[in-house]
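Engineer: Let me give you the structure first, and then I'll get to my questions.
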Amino acid sequence: TMTDLIYIIIKCTNFAAIKHKNQRRKDPEKTPYINHPIGVAYILVNEAKITDPEVIQAALLHDTVEDTDTTFNEIEHEFGVNVRNIVDEVTDDKTLPAAERKRLQIVHARDSSHQAKLVKLADKLYNLRDLQTCVPEGWTEERRQEYFKWAKQVVDNLRGTNDQLEASLDAIFQKECPVQ
Ligand code: NDP
Ligand code: ZN
């Protein structure tokens, strides 16, 4: 029912807020980290017109395992196995070196589920918009450009998923990394 849906979405938002409570984004203003997962979920409902509750829950939770002490079992216990599996698909293995993690994101994008692809597209769109607004402290212009080029490689393997998100991402790539 509608009541159940509101309950589960707010439960998810609250869970993520508690988990990310001590984290900040990398922008010079040190925005609270929770703005990011909430913003990714909002891109999905507002721009991509996605109302699949599992996708919205996974968006809200998508960085909890990667960036906090949250475990996949905890996610499954609180939100069910389907949400757990989507979060798993969008979580990098932090035991791997950074370059390998970035390579695997490109490779794994193609075989992801439709639900995971939606979360990945909205996550990339949010982060690229952030990088258009302000460069994280310590980043060179070259590093920023490399990030856009890498993100384009990931997004190229997520295509055919959501026209609206892909059009917004393409507009960013045309501006930030036009074909040489
Ligand atoms: P990082 O992976 O270190 O940072 C980008 C990630 O930070 C985003 O994907 C996003 O992930 C998160 N994030 C937090 N705040 C912001 C924000 N305001 N704007 C955008 N993203 C934000 O960057 P790189 O991919 O460039 O680096 C990967 C590795 O390479 C790192 O370990 C780094 O040490 C190393 N490195 C790379 C250099 C280069 O020139 N490329 C130079 C020096 C080091 P999320 O959605 O998960 O929050
Ligand atoms: Zn993210």
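Engineer: Let me confirm something: among Arg129, Arg110, Arg143, which residue is within 8 Å of ligand 1 (Cβ to nearest atom) and either among the basic types (Lys, Arg) or at pLDDT below 95 (or both)?
Structural biologist: Arg143
Engineer: Could I ask something else about it? Do you know which of the residues in the stretch 29-64 that are out of contact with any helix residue (DSSP H, G or I) (no Cβ under 7 Å at 6 or more places or on another chain) and of a type in the set (Ser, Thr, Tyr) is surrounded by the most Cβ atoms within 10 Å (Cβ to Cβ)?
Structural biologist: Going through the qualifying residues, I end up with Tyr33.
Engineer: Go through the stretch 22-79 residue by residue and tally those that are within 12 Å of ligand 1 (Cβ to nearest atom), hydroxyl-bearing (Ser, Thr, Tyr) and closer than 21 Å to Tyr7 by Cβ.
Structural biologist: 1
Engineer: Another question about this same structure. Which residue is surrounded by the fewest Cβ atoms within 10 Å (Cβ to Cβ), if the candidates are limited to the stretch 107-129 and must be within 14 Å of the chain's Cα centre (by Cα) and polar (S, T, N, Q)?
Structural biologist: Checked the stretch 107-129; the qualifying residue surrounded by the fewest Cβ atoms within 10 Å (Cβ to Cβ) is Asn127.
Engineer: Take Ile106 and tell me if it is in a loop (DSSP other than H, G, I, E, B) and either within 30 Å of Arg159 (Cβ to Cβ) or touching a His at 6+ places or on another chain (Cβ under 8 Å) (or both).
Structural biologist: In short, no.
Engineer: So for the stretch 49-56 (the condition being closer than 18 Å to Asp123 by Cβ, in contact (Cβ under 8 Å) with a residue 60 or more places away in the chain and of a type in the set (Lys, Arg)), does at least one residue qualify?
Structural biologist: Yes, because at least one residue in the stretch 49-56 is closer than 18 Å to Asp123 by Cβ, in contact (Cβ under 8 Å) with a residue 60 or more places away in the chain and of a type in the set (Lys, Arg).
Engineer: Specify the residue that is farthest from ligand 2 (Cβ to nearest atom); the eligible residues are those in the stretch 130-144 that are in a helix (DSSP H, G or I) and surrounded by 14 or more Cβ atoms within 10 Å (Cβ to Cβ).
Structural biologist: So the residue we want is Arg144.
The values are calculated or read from the model by the stated rules, or taken from the named source; none is laboratory data. Just so it is clear, the structure is predicted and the values come from calculations on it, not from any experiment. Positions of Cβ are backbone-derived with ideal geometry, glycine not excepted, and every protein chain shown enters the neighbour counts.
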